[in-house]
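See structure below.
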Amino acid sequence: MPTASAANSESLPAESPVTRPSQKGVATQRQTIDASCRQPVLAFFASSIIWLLAGSLFGLLASLKMHYPGLLADYHWLTFGRVRPVHLNLVAYGWGAMAAVGTMMWLMCRLSRTRLRYPALPVISCLVWNVGVLVGTVELLIGHSNGIEWLEFPTYAALIIFLAFGLVVVWTAITFGERKEPHVYVSQWYIMGAIFWFPWLYATTNILLMAIPINGMSEAPITGVTQASVNWWYGHNALGVWFTPIGLATIYYLLPKVLGRPIHSYYLSILGFWTFALFYNWAGAHHLISGPIPAWLVTVSAVASMMMIIPVSTVAINHHMTMRGFFDVLRFSPTLRFVTAGAMCYTLVSIQGSLMSLRSINEPTHFTHYTIAHAHLGLYAFFTMVMFGAVYYIVPRLTGREWGSSNLIRVHFWGTFLGVMMMFVVLTIGGLIQGFELNQATESWHELVDDQGLWEGTRRFCFGYEDSQTGEIVGGFQQQSGAVPFMTVMKGTIMWLKLRSVSGVLMLAGHVAFGILFFLNLTGLGLSRRRRGPALFKEDQQRYAELISGTQPETQDLP
Amino acid sequence: MNHGTLIFVGVFLTFSSAWLGLVFFPYQQLGSITPQVDEVTGAVNPAPYSGVELVGRKVYIDEGCHYCHSQQVRGGYWNADLKRGWGPRRTVPLDYVNDNPALLGTMRTGPDLINIGARQPSDEWHYLHLYNPQITSEASIMPPYSFLFERRPIQGDPSPDALPLKGKWAPEPGFEIVPNDRGRALVAYLKSLDRTFDVQK
């Protein structure tokens, strides 16, 4: 079995040794396909990385403003309430969605074994998309917001993005329709689901919630709490039917591709896909537990959220069994390391999400920073890490150049991974304390810990303590408590918010390294020496080839 | 699974079911609620917003107040919102019939505001608090909204609505701080937030 460098000595460096001599034509075919995708995919990636840098700057600013409220406060366009939605919309519609589109188009062409038709049109779509994100951001900064979380962009900016997205959807569907490969791979199911679901979701919610602005106020067909139900149907499904399926499609492709072995079980992936399609859509209303909406709505969503454990377990088992015996490769391949980190966080965030739909857990954690931790574990530690992995895999195949510096990739990986893990941990702990104090706690955790030390203070915080005179248990969690003053609760969060800002700096540093790597690769600056193989964390191509060449010849190679 | 049609029909059906459940049925159930009219006093609850209150509501949205302040009194097992004095009862769909969009909120960096008009009826408190929250709550992490105010030289007598700022907050002599139109509208909206009426069965 030839190694990566042998199979591709004339062509692009490949991380996977799946190309066998009997498939020499395949390498040529791949080059034709990659060449057809080159411009649109690189355009989407380049745009997404610029929005990522801008979005994370705004995120860091919003984070700093939470503990330095006076920071830049006199500039109305930089007030917290504008910077925060700019952060969310930039990373969701600028970074996340555009990186997903680039990855999705390339995956669809490769898996369908067909080139992209008229690649100039998706490039135009990318330009239009950028205009939409830019005007939406400017509108938010000058103070024109819809006030609906995840959909703050004014309706016309949303329409611009929708048109650009629609074109990409049609192009992806056409590519699928012209497929030369008879087998439809699991990644393609997820992509087909996503490109059908998301436009429907985005269009209906925008029409139902915003419709046409009249006299500066939006006149929506539905008002009141029904809007909240639709809002969270959208907010949850933007992750559920767009980011998550694209992320999973990418993992399902890249894991077997880098390792050079097939996915563990085809039947598990079918089960996973259909249970995913059935249950995820229903989960949104658990964002309104105990709120002013009918209880049945919350209950069906909680049931659907718990049922999500089925698709999540199948995906987790499938990915783990594919990786089994190959964890050593993580020391070499940047793509695999990012994708595996993302895949593990998918399992983690999904199980956490299912549990958060339980009333007993949701009540204290809702309205706290715990939810923010969960959101970043999903959209960042899972989805964004997988997209990073995809960019590391796809771009060298489009530009014909390998990544310039393993050290910068290292900075990128550890900055973002440690950053997001730190953010998750500090906001989860801080959020739990905040939620308990807002709801059931009878005393302040920080004050108890100052008095009694960490262990005894926490024990008293949760379970109370025995009164030395009466012998009764006092303190601890109680129903209808609300005993800790609000300002005390708020002061308790500040330490955790400061730590969150530190984690934001780590992530931003990773993004800057990533941006430099991408810019160097795109322009070819400083990359005169052509590498013999892919950029690896450990410069030991031989050992890397040995690690992944022990695999059995596949029954079915991924295109 | 090699049939594009099968995938298409499947994803269509699964998504339609959720659309029916989470969009259509709630709309059927809640879309027809109208404000309740008190049979004795003839008062309409919740009262429709006045023009200036609606402008203030837009300021509330544009400045993103709802990212830190919820507008709902929750019930539920732990049920602490009532004990915090955020309202006499949990909020119900009726409370939001005039709201577009409903600003239920997802975060409580600051306290709930659905009854702030009843809890804090003082204009002066609201203006001082918006000008710099640390004037009224020393440790507050709410940002100051000085851009909702105007600093201008005093001509003749001081304006009646000039903020009574003292000490380090006071402007230099000869100047006064008065709310601008957006600031006034926002305070009018905040004072209109009052859902303390009794819900009739």
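Between A:Trp77 and A:Ile429, full extension at 0.36 nm per residue minus the direct alpha carbon distance yields a gain of 123.5 nm. Each stretch of four or more DSSP H residues adds -39500 (n - 2.57); spread over every residue of chain A, this sum gives -22000 deg cm²/dmol at 222 nm. Toward the positive end of the charge dipole of the protein assembly as shown, with +1 on the Cβ of Lys and Arg and -1 on the Cβ of Asp and Glu, the farthest Cα among A:His87, A:Gln479, B:Thr34 is that of A:His87.
The 3J(HN,Hα) values that the Karplus relation (6.51, -1.76, 1.60; θ = phi - 60°) gives for segment A:251-256 are, in residue order, 5, 4, 8, 6, 4, x Hz. Gly and Pro appear as x. Rounded to the nearest 0.05, the FRET efficiency derived from the C-beta distance between A:Met306 and B:Asn180 at R0 = 56 Å is 0.65.
Comparing B:Pro160, B:Pro46, B:Pro93 in a Gaussian network model of chain B (Cα springs below 10 Å), the most mobile by mean-square fluctuation is B:Pro160.
Give a quick list of GluC sites (Glu not before Pro) in segment B:11-90 that DSSP marks as loop, anything other than H, G, I, E or B, with at most 15 other Cβ atoms within 10 Å. Could you put the intermediate results ahead of the total?
On the way: sites: B:Glu39, B:Glu53, B:Glu63; in loops: B:Glu39, B:Glu63.
In loop regions of segment B:11-90 (DSSP not H, G, I, E or B), the sparsely surrounded GluC sites (Glu not before Pro) are B:Glu39.
With the simple spin-label model, which puts each label point 7 Å out from Cα in the Cβ direction, the B:Ser122 to B:Gln134 separation comes to 2.1 nm. Spin-label model, A:Glu456/A:Thr470: points 7 Å from Cα along the beta carbon direction are separated by 2.2 nm.
Excluding same-chain neighbours fewer than eight residues apart, the lysines reachable from B:Lys166 by a Cα-Cα span under 26 Å are A:Lys65, A:Lys491, B:Lys191. Our summary gives chain A a relative contact order of 17 percent, counting only alpha carbon pairs under 8 angstrom and 6 or more residues apart.
Segment A:112-191 and segment A:416-452 have Cα centres separated by 39 Å. A Cβ-based charge dipole, computed about the Cα centre of segment B:43-191 with Lys and Arg at +1 and Asp and Glu at -1, lands at about 540 debye.
The residues packed around B:Tyr67, meaning those with a beta-carbon under 14 Å from its beta-carbon, carry a net charge of -1 if Lys and Arg are +1 and Asp and Glu are -1. For B:Glu39 and A:Val128, what is the calculated FRET efficiency with R₀ set at 51 Å and r taken between the beta-carbons, to the nearest 0.05? For B:Glu39 and A:Val128, the calculated efficiency is 0.35.
Among the residues of A:285-292, the average count of other protein chain beta-carbon atoms within 10 Å of the residue beta-carbon is 6. Classify segment A:161-302 as rounded, prolate or oblate, taking a ≥ b ≥ c as the square roots of the eigenvalues of its Cα gyration tensor: rounded when a/c is under 1.5, otherwise prolate if a/b is larger than b/c and oblate if not. Oblate shape, in that a/c is at least 1.5 and b/c is the bigger or equal ratio. Rounded to the nearest 20, the Cβ-based charge dipole of segment A:276-403 about its Cα centre (Lys and Arg +1, Asp and Glu -1) stands at 260 debye. Inter-chain Cβ neighbour count for A:189-195, averaged per residue, equals 3 (cutoff 10 Å, partner chain atoms only).
The peptide list B:113-120, A:517-524, A:253-260, put in order of mean Cβ contacts within 10 Å with the highest first, becomes A:253-260, B:113-120, A:517-524.
Qualifying GluC sites (Glu not before Pro) in segment B:99-180, where qualification requires a DSSP coil assignment and no more than 13 other C-beta atoms within 10 Å, comprise B:Glu138.
Partner chain Cβ atoms within 10 Å, averaged over the residues of A:76-86 - can you pull that number for me?
5
Measuring nothing but how far apart in sequence close Cα pairs (under 8 Å, 6+ apart) lie, relative to its length, chain B scores a relative contact order of 24 percent.
Each reported figure results from applying straightforward, stated rules to the coordinates on display, with no laboratory input. Everything quoted here is computed from the prediction, not taken from an experiment. Cβ coordinates were reconstructed from backbone atoms using ideal geometry, including for glycine residues, and neighbour counts include every protein chain displayed.
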